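All remarks here apply to the structure that follows.
Just so it is clear, none of the values below were taken in a lab; they were calculated from the coordinates. Keep in mind that what you see is a predicted model, and the values were worked out from it rather than measured.
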Amino acid sequence: MKRKFDDFQKPEENNEVEITEESNSPKDKIAKKLLSFLTTSNLCKVEAQLSESFDRHNPPGTGPAF
């Protein structure tokens, strides 16, 4: 069963973060680090899914030689 790219789309979420003033409070530092980690974590998951999908559709040895 093939899936369309649209099957993997999630409803749009509001991921915008508004920083009204620069603050160095411990809570703000933790929040910024957590946001950075979650963004990086999500990108790693997407990359892993794309890589797995590519490998499934293009087994080693079937593509062009580099």
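What to note about this one:
- Counted residue by residue at 0.36 nm each, then reduced by the alpha carbon distance between them, the extension gain from ALA31 to VAL46 reaches 3.1 nm.
- Extension gain from LEU38 to ASP55, taking 0.36 nm per residue of separation minus the Cα-Cα distance: 3.6 nm
- Evaluating 6.51 cos²θ - 1.76 cosθ + 1.60 at θ = phi - 60° for every residue in region 26-35, the Karplus couplings come out as x, 5, 5, 4, 5, 4, 5, 5, 5, 4 Hz, glycine and proline recorded as x.
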